[in-house]
Amino acid sequence: MILATLLLHLWILCSGSACAHNGRQRKWDCTFMEESSNDRTMFAPQIIRRKAFLVFGDMGAEDLQQEKAITFNVKESLLDIFRYVEGEASKLDCEIKRYSTHGIHVPWPEQDKELDRDLLNRWFTVTIKHTEDKFTTTSFLRKVPAPDSQQAADHGTKEDDENSTIGDTDTLLVKVVYIVRTSTPLIRAKLKQDVVLDCSYNIDHNADVIIEWRHEHERKKTKLFSYNGRHRQVEHLEKGVVAFEEQIRNGNASIRIQNLAVKDEGTYICSVYVPPLFGMSIVLLEIMESPIVQMNTEPLELMAGEEQKLTCEMARYYPLDVSVRWLRQWEGQRTLPDYLDNVVFSPHKRNADGTFNLTSFLRFRASLKDSGALYTCRVDHLSLMKTIKRSVSVKVKPQPPGLAVFLIGFCVIVLLAVLIGLLCYLSKSWERNKKKPY
């Protein structure tokens, strides 16, 4: 009984923060990215990439010295990155960067410590992206002093500013203080649908946030929504945009776009300002409408030598790019199909809702070898998981024998008539030219 009670207490403890990292990856491989201060091109500064580790909890020195890398050791924080990251390590990209407040100094509260208004914080961001666009999480890391170390006296001074040099094997102690996340970095939706653009945030202390959504498309920037946390009010709301106002203070900064139109596609930027930090999530919205493909699928019966035009119509698709190929193959045969080139396309037609129409024409002259052939219009589009195929079978008959005999007989009669006429003409000419006896 006592053993069972102990095991129960141990399970309860491990289900909380005491064993928070058990069963989870304690070390992530990341890339530390920063601009070179020496080598600059005419257009942009050179980006230097160095190997880095994001380490949770205490790990032995021998585990960290196996490879040459910068170590960011995440100390116990009120915010847990693991709540916002999911998936196999092989499908996660991790990037760490310096974060500059551009001279803006706002003291950051720390739990159980007196607020030091003269402390200059040193900031970093770690962005973790899922390679299949399932989420993007950006966490703000604040450098903290090493305990019981001389470094603690210098932490936060101007000698340890945001541009301080970081060695290839340095270890930095950091805390997670602010997280911004989206579970919809890429949305593909149909016209007239409603979609939710996810943007959530979490801070390690109570703070008044300023939230703003912007839309960028074809060099046009539009402000969709803004919220002022100090006044608890929405300052701007574009038509067709719905915010979850009652959930904003709980960390939900998402919006809903209603009745999607082509003009709504583009890049959406959600910024959450917690002085002096700007958290940002980017959502890419793509409109996808699959083509409606129509073709005469009734079997064709043609006479040898007859010309035929096949039509394949694609309607109401978006975006513009569509691939159309014509194929010919014979039923019951396993040979590769023939790709046909004698194809003509109509100009693209744009509909009122922004979708497109296109028609493809195939002309051919029937021959006996085409009998039993299957002509296929194959359509591929970004919106399609599977190729659309429309086919028609063709049977070719030879010309009727009676017609051929008639033509041959007619030609023989004509030739005989011409021959008889010629003979008559020659005979009369001979008679006229014949000399008389007197």
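The values are calculated or read from the model by the stated rules, or taken from the named source; none is laboratory data. Computed from a prediction, not measured in an experiment: that's the story for all the values here. Positions of Cβ are generated from backbone atoms using ideal geometry, with glycine treated the same way; all protein chains shown enter the neighbour counts. Surface accessibility is based on the protein's heavy atoms, side chains included, excluding ligands, DNA and RNA. Shrake-Rupley method; radii C 1.70, N 1.55, O 1.52, S 1.80 Å.
I'd like to check which strands (runs of 3 or more DSSP E) are fully inside the range 14-104 and have at least 1 residues that are at pLDDT below 80. Give the steps one after another, and end with the answer.
On the way: elements: 27-40, 45-56, 70-74, 92-99.
Qualifying strands (runs of 3 or more DSSP E): 27-40, 45-56.
Answer yes if at least one residue in the range 333-347 is part of a loop (DSSP other than H, G, I, E, B), in contact (Cβ under 8 Å) with a residue 24 or more places away in the chain and not assigned by the TED database to the domain that holds Ile203, and no otherwise.
Going residue by residue through the range 333-347, those that are part of a loop (DSSP other than H, G, I, E, B) are 333-337, 340-342, 346-347.
When the remaining residues are screened for being in contact (Cβ under 8 Å) with a residue 24 or more places away in the chain, the result is 337, 340.
Now drop any that are not not assigned by the TED database to the domain that holds Ile203, which leaves 337, 340.
Looking through the range 333-347, at least one residue is part of a loop (DSSP other than H, G, I, E, B), in contact (Cβ under 8 Å) with a residue 24 or more places away in the chain and not assigned by the TED database to the domain that holds Ile203.
If we scan the range 263-270, do we find a residue that is of a type in the set (Gly, Ala, Ser) and open to solvent by 20 Å² or more (accessible area, probe 1.4 Å)? Reasoning before the result, please.
Keep residues of the range 263-270 that are of a type in the set (Gly, Ala, Ser), which gives 266.
Retained after the next criterion (residues that are open to solvent by 20 Å² or more (accessible area, probe 1.4 Å)): none.
No, every residue in the range 263-270 fails to be of a type in the set (Gly, Ala, Ser) and open to solvent by 20 Å² or more (accessible area, probe 1.4 Å).
When Ala152 is evaluated against the numbered criteria (1) at pLDDT 90 or above; (2) outside any loop (DSSP other than H, G, I, E, B); (3) more than 15 Å from Asp204 (Cβ to Cβ), which criterion, by number, is the only one it fails?
Going through the list (1) at pLDDT 90 or above; (2) outside any loop (DSSP other than H, G, I, E, B); (3) more than 15 Å from Asp204 (Cβ to Cβ), Ala152 breaks only (1).
Across the range 81-98, which residue is farthest from Phe278 (Cα to Cα) among those that are open to solvent by less than 40 Å² (accessible area, probe 1.4 Å) and not β-branched (Val, Ile, Thr)?
Looking only at the range 81-98, we keep the residues that are open to solvent by less than 40 Å² (accessible area, probe 1.4 Å), and these are 81-82, 84-85, 92, 94, 96.
Filter once more, so that each one left must be not β-branched (Val, Ile, Thr): 82, 84, 92, 94.
On the way: Phe82: 21, Tyr84: 18, Leu92: 23, Cys94: 19 Å.
Filtering the range 81-98 for residues that are open to solvent by less than 40 Å² (accessible area, probe 1.4 Å) and not β-branched (Val, Ile, Thr), the one farthest from Phe278 (Cα to Cα) comes out as Leu92.
Which one is farthest from Met288 (Cα to Cα), of the residues in the range 365-388 that are surrounded by 15 or more Cβ atoms within 10 Å (Cβ to Cβ) and among the hydroxyl-bearing types (Ser, Thr, Tyr)?
Checked the range 365-388; the qualifying residue farthest from Met288 (Cα to Cα) is Ser371.
Among the residues of the range 322-337, which ones are surrounded by 13 or more Cβ atoms within 10 Å (Cβ to Cβ) and under 22 Å from Arg365 (Cα atoms)?
Step one: list which residues in the range 322-337 are surrounded by 13 or more Cβ atoms within 10 Å (Cβ to Cβ), which gives 322, 324-330, 337.
If the condition is that a residue be surrounded by 13 or more Cβ atoms within 10 Å (Cβ to Cβ) and under 22 Å from Arg365 (Cα atoms), then Val324, Arg325, Trp326, Leu327, Arg328, Gln329, Trp330, Pro337 are the ones that fit.
When you check Leu362 against the structure, is it crowded, with 17+ Cβ neighbours inside 10 Å, assigned to a strand (DSSP E or B) and over 31 Å from the mean Cα position of the chain (by Cα), yes or no? Even if it seems obvious, please write down each step before you answer.
Working: crowded, with 17+ Cβ neighbours inside 10 Å: yes; assigned to a strand (DSSP E or B): yes; over 31 Å from the mean Cα position of the chain (by Cα): yes.
Taking the combined requirement at face value, the residue satisfies it.
Does the range 351-368 hold any residues that are touching a residue at least 12 places away in the same chain (Cβ under 8 Å) and out of contact with any Ser or Thr (no Cβ under 9 Å at 6 or more places or on another chain), and which are they? Spell out how you get there, then give the answer.
To start, the set of residues in the range 351-368 that are touching a residue at least 12 places away in the same chain (Cβ under 8 Å) comprises 351, 353-368.
Scanning the range 351-368 gives Asn351, Asp353, Gly354, Thr355, Phe356, Arg363, Phe364, Arg365, Ala366, Ser367, Leu368.
Looking at this structure, is Gly279 open to solvent by less than 50 Å² (accessible area, probe 1.4 Å) and modelled with pLDDT of 95 or more? Walk me through it before giving the result.
Working: open to solvent by less than 50 Å² (accessible area, probe 1.4 Å): yes; modelled with pLDDT of 95 or more: yes.
So Gly279 passes the test.
Each row is one residue, and each column tells you yes or no for (1) touching a strand residue (DSSP E or B) at 6+ places or on another chain (Cβ under 7 Å); (2) open to solvent by less than 20 Å² (accessible area, probe 1.4 Å); (3) on the phi > 0 side of the Ramachandran plot.
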{"residue": "Ile203", "(1), (2), (3)": "yes, no, no"}
{"residue": "Ile210", "(1), (2), (3)": "yes, no, no"}
{"residue": "Glu216", "(1), (2), (3)": "yes, no, no"}
{"residue": "Tyr227", "(1), (2), (3)": "yes, yes, no"}
{"residue": "Glu235", "(1), (2), (3)": "yes, no, no"}
{"residue": "Gly240", "(1), (2), (3)": "yes, no, yes"}
{"residue": "Glu246", "(1), (2), (3)": "no, no, no"}
{"residue": "Arg249", "(1), (2), (3)": "no, no, no"}
{"residue": "Asn252", "(1), (2), (3)": "yes, no, no"}
